[in-house]
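Reading through the structure tokens given below for one structure.
The values are calculated or read from the model by the stated rules, or taken from the named source; none is laboratory data. The shown structure was predicted, so the numbers you read here are calculated from the model rather than taken from an experiment. Because the Cβ atoms are built from the backbone with ideal geometry, glycine has one as well, and the counts that use them run over all protein chains shown. Protein only, heavy atoms only, side chains kept; ligands, DNA and RNA dropped before computing areas. Shrake-Rupley method; radii C 1.70, N 1.55, O 1.52, S 1.80 Å.
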Amino acid sequence: MAYWLFKSEPGEWSWDDQVAKGDAGEEWDGIRNYQARNCMRQMQVGDLGFFYHSQRQKRIMGVVEVVCTAHSDSTTDDPRWECVDVRAVGPFPRPVTLAQCKADARLSEMVLVRNPRLSVQPVGEEEWKVVCELGGYG
């Protein structure tokens, strides 16, 4: 299993929107960055990801699961762009902020800390454990 982080502006697509889609989940569409797209191409069904509210909130809200591997993004006719489908698994009892991640030395190499602009990014197994601990998840 691999771990990921999915960023979304809460005004466009929020944690509550994701939860409302239920077990069927929803396409993680609209990604127009090659590095982020390539991350999605690596994902397998069952991989887990953090759902991150970007913009002003800058916090990890909960955990999502990949329920469908990379396929054509339905929001464009351009064949270069693909997406995966994800479903909400559960919320963090205590959302974890970007500031908390930056302040924790165990997360100093986390992509979110080093490159917070990338919209879909890998998360290391130890980083996953630390963030879940900070958020009271699991």
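Strands (runs of 3 or more DSSP E) fully within region 30-138 that include at least 3 residues being among the hydrophobic types (A, V, I, L, M, F, W, C): 48-53, 59-72, 82-97.
Residues in region 47-65 that are over 10 Å from the mean Cα position of the chain (by Cα) and under 12 Å from Trp4 (Cβ atoms): Asp47 only.
Restricting region 16-29 to residues that are open to solvent by 20 Å² or more (accessible area, probe 1.4 Å) and of a type outside the set (Asp, Glu), the residue that is nearest to Ser54 (Cα to Cα) is Val19.
Return yes when Arg87 is open to solvent by less than 60 Å² (accessible area, probe 1.4 Å) and under 21 Å from Ser14 (Cα atoms) and no when it is not.
Numbers: open to solvent by less than 60 Å² (accessible area, probe 1.4 Å): yes; under 21 Å from Ser14 (Cα atoms): yes.
Spelling it out, Arg87 is indeed open to solvent by less than 60 Å² (accessible area, probe 1.4 Å) and under 21 Å from Ser14 (Cα atoms).
None of Arg94, Arg56, Arg80, Arg114 is surrounded by fewer than 14 Cβ atoms within 10 Å (Cβ to Cβ) and touching a Leu at 6+ places or on another chain (Cβ under 8 Å) except Arg94.
Would you confirm whether or not region 21-29 contains a residue that is acidic (Asp, Glu), out of contact with any helix residue (DSSP H, G or I) (no Cβ under 8 Å at 6 or more places or on another chain), outside any helix (DSSP H, G or I) and closer than 15 Å to Ser72 by Cβ? Working first, answer last.
Residues of region 21-29 acidic (Asp, Glu): 23, 26-27, 29.
Subset that is out of contact with any helix residue (DSSP H, G or I) (no Cβ under 8 Å at 6 or more places or on another chain): 23, 27, 29.
With the extra rule that they be outside any helix (DSSP H, G or I), the set shrinks to 27, 29.
With closer than 15 Å to Ser72 by Cβ added as a condition, the list becomes 27, 29.
Yes, region 21-29 contains a residue that is acidic (Asp, Glu), out of contact with any helix residue (DSSP H, G or I) (no Cβ under 8 Å at 6 or more places or on another chain), outside any helix (DSSP H, G or I) and closer than 15 Å to Ser72 by Cβ.
Reported count of residues in region 30-49, each being farther than 17 Å from Arg117 by Cα, surrounded by 15 or more Cβ atoms within 10 Å (Cβ to Cβ) and either without any contact (Cβ under 8 Å) to a residue 40 or more places away in the chain or charged (D, E, K, R) (or both), is 1.
Would you mind finding the one in Val84, Val89, Val45, Val19 that is under 17 Å from Trp128 (Cβ atoms) and in contact with a strand residue (DSSP E or B) (Cβ under 9 Å, 6 or more places away or on another chain)? Give the derivation first.
Details: Val84 fails: under 17 Å from Trp128 (Cβ atoms); Val45 fails: under 17 Å from Trp128 (Cβ atoms); Val19 fails: under 17 Å from Trp128 (Cβ atoms).
Testing whether each residue is under 17 Å from Trp128 (Cβ atoms) and in contact with a strand residue (DSSP E or B) (Cβ under 9 Å, 6 or more places away or on another chain) leaves just Val89.
Checked against (1) crowded, with 18+ Cβ neighbours inside 10 Å; (2) of a type outside the set (Gly, Ala, Ser); (3) over 14 Å from Phe6 (Cα atoms), His71 passes all but a single condition, namely (1).
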